[in-house]
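So the structure is just underneath, and the comments pick up after that.
The values are calculated or read from the model by the stated rules, or taken from the named source; none is laboratory data. None of the values given here were measured: they were computed from a predicted structure. Note that we place each Cβ from the backbone using ideal geometry, even for glycine, and neighbour counts take in every protein chain shown. Keep in mind that these areas ignore ligands, DNA and RNA; they rest on the heavy atoms of the full protein, side chains included. Shrake-Rupley method; radii C 1.70, N 1.55, O 1.52, S 1.80 Å.
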Amino acid sequence: MKRIFDKFLKAYLVIIFIILYAPIAILVLFSFNEGITMGGRRIGSTVIWKGFSLEWYDKLFRTPEIWNALGNSTFIGIVTSFISAVLGTISAYALVRYDIKGKNLFYIMMLVPIIIPEITEALSLLLFYVLFNIKLGLNTIIIGHATFCIAYVFTVVRARLSDYDRSLEEAALSLGATPFQTFTKVTLPIIAPGILAGSLLAFTQSFDDLIKASFTTGSGIITLPMLIFSKIKSGVSPEINAIATITLIISGTLAFISYWISSRS
Amino acid sequence: MLSDSNAKLSLKRLKGYFLIVPAFIFELLFFIIPLIIVFVYSFSKIDAFGRITFEFTIQNYFNILTPEFTKTILRTLAVASISTIFCLILGYPIGYYIGFKEKKYQNLLIMLIIIPFWLSFVARTYSIISIFSTNGIFNQILTFLGFVGDKPQWLYAWYSVVFGMVYNYLPMMVLPIYASAEKLNPQYLEAAQSLGASPINVFFKVTLPLTMPGIFAGSILVFIPAVGEFLVPELLGGIEWYMIGNHLWIIFLTMGNYPLGSALSIVLIILVLFITILYIKYFAKEVELGL
């Protein structure tokens with residue numbers, strides 16, 4: 001009876017994993033679907049297989065709009081993860097290592113941006129920019145992303161700092177190292193994998209964001225998720241599958257690197 | 001001597017403040033103050049030409065009480081609740097199995113649960129459209145299995161929205177349940193069993209109560225993003241199944257009616273905070289996000 005139940009659970013798990021991954025696999029598969037010519041234009045199906053072709057990727061690489069969006073998203077992601085890494089790390093360090101009053105308040109302040117719906121954060125930031133006449137552009141998107149990405153680095157680094165042996169720092173200090181030397185030579189190398197993992201997560205969350213970017217972008221500036229979204233609104237096509245596949249490859253690679261870093265240390 | 005060490009302590013504390021000040025100012029300036037601005041805007045006036053004046057009025061909140069918006073708010077709560085319940089029913093056995101039964105491939109399986117969280121949300125939601133479209137894979141499978149007649153329309157209904165939510169947020173439910181199932185002590189279950197409890201009784205009297213923290217944490221992690229969701233109802237639901245998030249998008253980005261949109265988003269924030277505080281007060285021993 002118990003055996004049968006366990007087998008049943010196992011089979012259920014397999015089915016759930018198939019349901020979780022099949023749509024992604026099908027999306028990637030149909031990015032290679034051959035199109036047909038209709039009225040002088042190439043169109044393609046995302047549900048009926050015609051044959052293998054790289055034409056949609058070929059089209060992508062020759063569309064400046066996509067390169068532009070990819071460039072914007074990458075730039076925003078890199079700057080966001082850098083800001084998040086610096087601010088998240090030093091505040092996590094301060095909170096774990098120093099006796100600070102109002103710790104809980106600060107902790108709540110770091111986590112609330114993850115709890116409040118993203119769309120309300122996005123529209124509140126838009127009102128802020130409008131009220132103070134701040135020109136919308138790449139910078140305004142980066143600020144919007146950093147408000148919630150700081151929390152990712154903060155959480156990961158904080159966990160790592162509270163885990164490790166503090167006597168290492170004390171040893172360095174008692175051997176005559178300055179607090180700054182202790183931080184750069186002892187603490188930083190130990191928490192570096194945490195900072196890196198947190199920054200990678202921050203990058204993917206920024207790279208993937210549609211809502212905040214849509215609310216805080218300036219005229220003519222478009223990110224990759226915004227481009228995909230506007231293309232979906234005008235109808236599904238293997239071309240969208242191809243762009244989506246590229247974003248999946250980028251964030252999948254980063255997830256793999258992050259997993260590799262944290263499993264090594 | 002004493003005052004010297006006190007001075008040292010306060011200097012050390014000062015250094016600590018110095019280190020958190022940058023992040024604090026950043027969040028204050030770009031997160032807290034904007035929220036206060038939304039609150040102020042929600043009491044402001046807009047005239048027929050779209051000019052906004054800061055004269056105190058509660059008209060915007062009255063406008064939300066109209067049937068159109070109350071329906072949207074109720075629909076949002078209903079869709080988010082149903083999605084959370086489905087995530088719980090579907091996710092509990094997964095978290096339980098990976099946390100309690102499986103030891104050999106535990107890390108691999110939990111990694112497989114987390115990976116989708118890293119992958120593009122837009123791409124994942126888009127991938128469902130093709131599956132459930134009229135000529136999509138799902139209907140192709142149904143035809144293959146021998147179903148005849150008109151191909152059913154799966155998209156643009158409450159179930160396609162709920163499916164999209166469950167598909168995207170299931171990992172958020174599984175992770176905390178997994179974390180609490182991992183802490184389960186098998187001896188408790190054996191004790192109950194050897195004292196003559198049936199497997200069903202063991203589950204409801206021992207396993208379920210012990211994994212309750214995971215259930216509550218998972219439910220809140222699914223419910224909160226679901227209440228504020230924009231993309232899933234936008235792509236899989238259509239206008240008929242628009243939620244608060246979709247109306248906020250239109251009010252702000254298409255209509256530019258900031259006072260009305262601010263009032264609606266204050267309602268959304270209050271809903272989310274109310275649920276979070278309820279959870280922290282009654283269910284969470286400590287804030288456990290399970291990520």
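In the stretch A:19-138, the ratio of gyration radius to Kirkwood radius, Rg to Rh, stands at 1.16 when only Cα atoms are counted.
Remark: accessible surface ordering of B:E190, A:E118, A:E65 (largest first) is B:E190, A:E65, A:E118, probe radius 1.4 Å. Listed values for the stretch B:253-260 are Karplus-derived 3J(HN,Hα) couplings in whole Hz (6.51 cos²θ - 1.76 cosθ + 1.60, θ = phi - 60°), namely 8, 9, 7, x, 8, 4, x, 5, and x replaces Gly and Pro.
Considering only A:T63, A:A192, A:A146, the residue lying farthest towards the positive end of the dipole of the stretch A:63-234 is A:A146, judged by Cα position with unit charges set on Cβ. Counting only protein heavy atoms and a probe of 1.4 Å, the accessible surface of chain A is 68% carbon and sulfur.
Applying the Kirkwood pairwise sum to the alpha-carbon positions of the protein assembly as shown produces a hydrodynamic radius of 25.7 angstrom. Comparing the full protein assembly with the isolated chain (1.4 Å probe, heavy atoms, ligands and nucleic acids excluded), the residues of the stretch A:229-243 losing at least 30 square angstrom of accessible area are A:F229, A:I232, A:K233, A:V236.
Using a probe of 1.4 angstrom and keeping all protein chains present, the accessible surface of the protein assembly as shown works out to 49 square angstrom per residue. Name the residues of the stretch A:5-23 whose accessible area, probed at 1.4 Å, falls by at least 20 Å² once all protein chains are in place instead of their chain on its own? So the qualifying set is A:D6, A:L9, A:K10, A:Y12, A:L13, A:I16, A:F17, A:I19, A:L20, A:Y21, A:P23.
Considering only alpha-carbon pairs that sit under 8 angstrom and 6 or more positions apart, the relative contact order computed for the stretch B:63-282 is 29 percent.
Rounded to the nearest 10 degrees, the angle from helix A:64-97 to the longest Cα principal axis of chain A is 20 degrees. Rg over Rh for chain B works out to 1.08, using Cα positions for both radii and the Kirkwood form for Rh. Taking Cα atoms only, the orientation of helix A:224-233 departs from the longest principal axis of chain A by about 30 degrees. A simple rule links phi to the HN-Hα coupling: the Karplus curve 6.51 cos²θ - 1.76 cosθ + 1.60 with θ = phi - 60°, which for the stretch B:272-282 gives 5, 5, 4, 5, 5, 5, 4, 5, 5, 5, 9 Hz, with x for Gly and Pro. For the pair A and B, the buried accessible area comes to roughly 7600 Å² in total, with a 1.4 Å probe and the value rounded to the nearest 100.
B:Y156 contributes about 110 Å² of solvent-accessible surface, heavy atoms of the protein only, 1.4 Å probe. A simple spin-label model places the labels of B:Q59 and A:Y164 6.0 nm from each other, with each point 7 Å out along Cα-to-Cβ.
Pairs from the list A:K185/B:K183; A:K212/B:K71; B:K45/B:K71; A:K212/B:K12; B:K183/B:K281; A:K233/B:K45 with a Cα-Cα gap above 28 Å: A:K185/B:K183; A:K212/B:K12; A:K233/B:K45. In order along the stretch A:124-129, the Karplus-derived 3J(HN,Hα) couplings, from 6.51 cos²θ - 1.76 cosθ + 1.60 at θ = phi - 60°, round to 5, 5, 4, 4, 4, 5 Hz, and Gly and Pro are given as x.
For the stretch A:2-54, the orientation-averaged shadow of the C-alpha convex hull comes to 4.6 nm² (one quarter of the hull surface).
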